[in-house]
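The values are calculated or read from the model by the stated rules, or taken from the named source; none is laboratory data. Worth saying up front: this structure is predicted, and the values here are computed from it rather than measured. Cβ placement follows ideal geometry from the backbone for every residue including glycine, while neighbour counts extend to all protein chains displayed. Side chains included, ligands, DNA and RNA excluded: accessible areas come from the protein's heavy atoms. Shrake-Rupley method; radii C 1.70, N 1.55, O 1.52, S 1.80 Å.
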Amino acid sequence: KQEVTQIPAALSVPEGENLVLNCSFTDSAIYNLQWFRQDPGKGLTSLLLIQSSQREQTSGRLNASLDKSSGRSTLYIAASQPGDSATYLCAVKGTYKYIFGTGTRLKVLA
Amino acid sequence: NAGVTQTPKFQVLKTGQSMTLQCAQDMNHEYMSWYRQDPGMGLRLIHYSVGAGITDQGEVPNGYNVSRSTTEDFPLRLLSAAPSQTSVYFCASSTTGDEDTQYFGPGTRLTVL
């Protein structure tokens, strides 16, 4: 059974820091991995999607990597801003089923 | 283009009552799904559908029913509400391709007393 873990559960950093969020999964037979952002009381917004054949994806200050063989993905946020404060979730896609991690709650202090 | 819409936004039920959470999408997506989000447990898949007339169970299907009579709509029915079903419910849709992301609705916050 696929299990997805995100460490740390919460993170507080000063503005301007570069930071890394981690996601690990137990079954490497995935079709893709996605990173989402969730603001309090809101739905999820997709940030990046990495297909199983890809190693990384970039969007602006965000870079996500995928190492299927070791069951790991990282989300790198460059030059963090207070507006980046949110919960970040990763999800892996199996056959028609997405399994989510429990998320990392990020607070960027001004 | 409204994306994924969910109604109601909030609902309070008494134990044993039934209700239907509505979900609709206007992107012609084949795949639709329902999740529940509980503190410390992330999102868990309840049911999903890969097209009209086709549904299947996710991780936590007990106590819930779904149907998919059209591409656009995917309602979630609570048959006999229990306090353990107090949660935030999200509906999502996507194409069935492996390169396409899921789009989420704003959620329904359900409390069962």
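Here are a few things to note about the model shown:
- Residue-wise HN-Hα couplings along region B:2-18, as the Karplus relation 6.51 cos²θ - 1.76 cosθ + 1.60 with θ = phi - 60° gives them from phi, are 8, x, 9, 10, 9, 9, x, 7, 9, 7, 10, 10, 9, 3, x, 6, 10 Hz; Gly and Pro carry x.
- Furthest towards positive pole of dipole, B:SER18, B:PRO106, A:SER85, structure part the protein assembly as shown, Cβ charges: B:SER18
- Förster radius 30 Å - calculated FRET efficiency between A:LYS107 and B:ARG44 (Cβ-Cβ, nearest 0.05): 0.75
- Filter on A:LYS93/B:LYS9; A:LYS97/B:LYS14; A:LYS42/A:LYS97; A:LYS107/B:LYS14; A:LYS42/A:LYS107 - keep pairs with C-alpha separation over 25 Å: A:LYS93/B:LYS9; A:LYS97/B:LYS14; A:LYS107/B:LYS14
- Distance between region B:61-101 and region A:1-52 - C-alpha centres, whole angstrom: 22
- Candidate aspartates and glutamates - alpha carbon under 15 Å from A:LYS68, same-chain residues fewer than 8 apart omitted: A:GLU3, A:ASP27, A:GLU56
- Antiparallel content of DSSP bridges confined to chain B, in %, to 5: 90
- The B-A contact accounts for approximately 1800 Å² of buried accessible area, totalled over both chains at a 1.4 Å probe radius.
- With both residues required to sit in the protein assembly as shown, DSSP beta bridges show an antiparallel share near 90%.
- Whole-percent carbon and sulfur share, accessible surface of the protein assembly as shown, 1.4 Å: 49
- Working from Cα pairs under 8 Å separated by at least six residues, relative contact order for chain B is 35 percent.
- Amide H contacts of A:LEU48 (H built 1.01 Å from N, under 5 Å, at least 5 apart or other chain): A:TRP35
- Structural descriptor for chain A: relative contact order 37 percent, calculated from alpha carbon pairs under 8 angstrom and at least 6 residues apart.
- Gyration tensor verdict on region A:24-101 (Cα atoms; rounded if a/c is under 1.5, prolate if a/b is larger than b/c, oblate otherwise): oblate
- Neighbouring Cβ atoms from other chains, within 10 Å of the Cβ of residues in B:42-50, number 4 on average.
- The residues of chain B expose on average 45 square angstrom of accessible surface per residue, using a 1.4 Å probe on protein heavy atoms.
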